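The values are calculated or read from the model by the stated rules, or taken from the named source; none is laboratory data. As the structure is a prediction and not an experimental result, all values here were calculated from the model. Using ideal geometry, Cβ is built from the backbone for each residue, glycine included, and neighbour counts are taken over all protein chains shown. Calculation scope for accessible area: heavy atoms of the full protein, side chains included, ligands and nucleic acids excluded. Shrake-Rupley method; radii C 1.70, N 1.55, O 1.52, S 1.80 Å.
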Amino acid sequence: MDSKLKGRVAVITGGASGLGRASAERFAAEGADLVLADLNARAGEETAAAIAAETGRQVEFVALDVTDEDQTEALMRHAVDAFGRLDVVLAAAGVSSAGYVSGQVTVRIDDPETNYLINKPAADWRRVLDINLTGVMLTARAAAQAMIGLGNGGSIISIASVAGRVPLPGAAEYCVSKAGVIMLTQVLARELADHGIRVNAIGPGFIETPMTAGIRQDPEGLEMVMAMTPLQRFGQPSEIASTALFLASDESSYFTGQTLFPSGGINVG
Ligand SMILES: NC(=O)c1ccc[n+]([C@@H]2O[C@H](COP(=O)([O-])OP(=O)(O)OC[C@H]3O[C@@H](n4cnc5c(N)ncnc54)[C@H](O)[C@@H]3O)[C@@H](O)[C@H]2O)c1
């Protein structure tokens, strides 16, 4: 196995499932020690133990809600106290809708009666923006503060979505939260460049994780994804982990402020 992250320390929010977990597995296989963080403590503890056993790396778990400023700051302190360094922070915690709980199969998102913005409670909008956009901002800000304190630069990576570029009827708050992450990435890249901190995002298409289980089980959902996706398949979590590894490692040393789209070609025009 290569060791593109040998000696590095990475924090991953949303590390208990899907894209966060797949990235954690890849980072550890490439030599990084990890702090995983997630709302789901049981799955998080289990994931951390499994990755440590598989790779021999040190993998810690911290339970947190990314919408809580104190908790995101405590997470970064935990990493610095445990390992004495902080090289990579991947913000992968997120939800597809206000009612989404990771691992539960969600219903269709494009029913105009319930999901179009004119019919949707404002509370749904606020909840998704709070987790997907403010949660990423709080994670990135706490990461940057810790990295500046250590003085060694670093790489901050957020999971946005192709939905930040492609309007999906019925998913307004999700699309807007992800468009926000893409712009947040650009602004932070400029603000943090002088500290040697690179800030980039990943904009996946439809990937096989618990988040897309509902779409994959629904013939109309499947048809919609295939019609949108030139490569005619869902992506694998490992394909997003590859992108995260690239952005985390020195291989991407001249990238900052960018969003890379492993999307099967969805947004190519
Ligand atoms: N799966 C896809 O097709 C896809 C496509 C584009 C973008 N994304 C984005 O990738 C990210 C990861 O999604 P996934 O597919 O791995 O989903 P997932 O449900 O498998 O994993 C999300 C993880 O985030 C955690 N989480 C949710 N809310 C949290 C909170 N407030 N605080 C801390 N942890 C929280 C969950 O417990 C879960 O472990 C999300 O931001 C999602 O929007 C996913």
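Points to keep in mind about this one:
- Under 5 Å, built H, 5+ apart or other chain: amide partners of Ile197: Gly154
- By accessible area, using a 1.4 Å probe on protein heavy atoms only, the stretch 121-269 has 56% of its surface on carbon and sulfur.
- Exposed loop sites are taken as chymotrypsin sites (Phe, Trp or Tyr not before Pro) in a DSSP loop (any state but H, G, I, E or B) with at most 16 other beta carbon atoms within 10 Å; the longest stretch of the chain without one runs 117-253.
- Per-residue 3J(HN,Hα) values for the stretch 59-70, derived from phi via the Karplus relation 6.51 cos²θ - 1.76 cosθ + 1.60 with θ = phi - 60°, read 10, 9, 10, 10, 7, 7, 10, 5, 7, 9, 4, 4 Hz in sequence order (x marks Gly and Pro).
- With contributions of -39500 (n - 2.57) from each DSSP H run of at least four residues, the per-residue ellipticity at 222 nm computed over the chain stands at -13500 deg cm²/dmol.
- Cα gyration tensor shape of the stretch 116-269, rounded if a/c is under 1.5, else prolate or oblate by comparing a/b with b/c: oblate
- 0 to 90° range, to nearest 10: angle between helix 237-248 axis and the chain longest Cα axis: 40 degrees
- When only alpha carbons are used to place a centre, the stretch 174-193 and the stretch 45-94 end up 22 Å from one another.
- In this label model, Leu117 and Ala49 are separated by 4.6 nm, measuring between points 7 Å along each Cα→Cβ vector.
- Degrees, to the nearest 10: 41-55 long Cα axis against longest axis of the chain: 60 degrees
- The residues of the chain expose, per residue, 45 Å² of accessible area to a 1.4 Å probe.
- Largest GNM mean-square fluctuation among Ala79, Ala53, Ala142, using the chain with Cα springs under 10 Å: Ala53.
- Between helix 18-29 and the chain: long-axis angle, C-alpha atoms, 0 to 90°, nearest 10: 30 degrees
- Taking a Cβ cut-off of under 14 Å around Ser161, the surrounding Lys, Arg, Asp and Glu residues balance to a net charge of +1, with basic ones at +1 and acidic ones at -1.
- Qualifying lysines (Cα of each under 30 Å from Cα of Lys178; at least 8 residues distant if same chain): Lys4, Lys120
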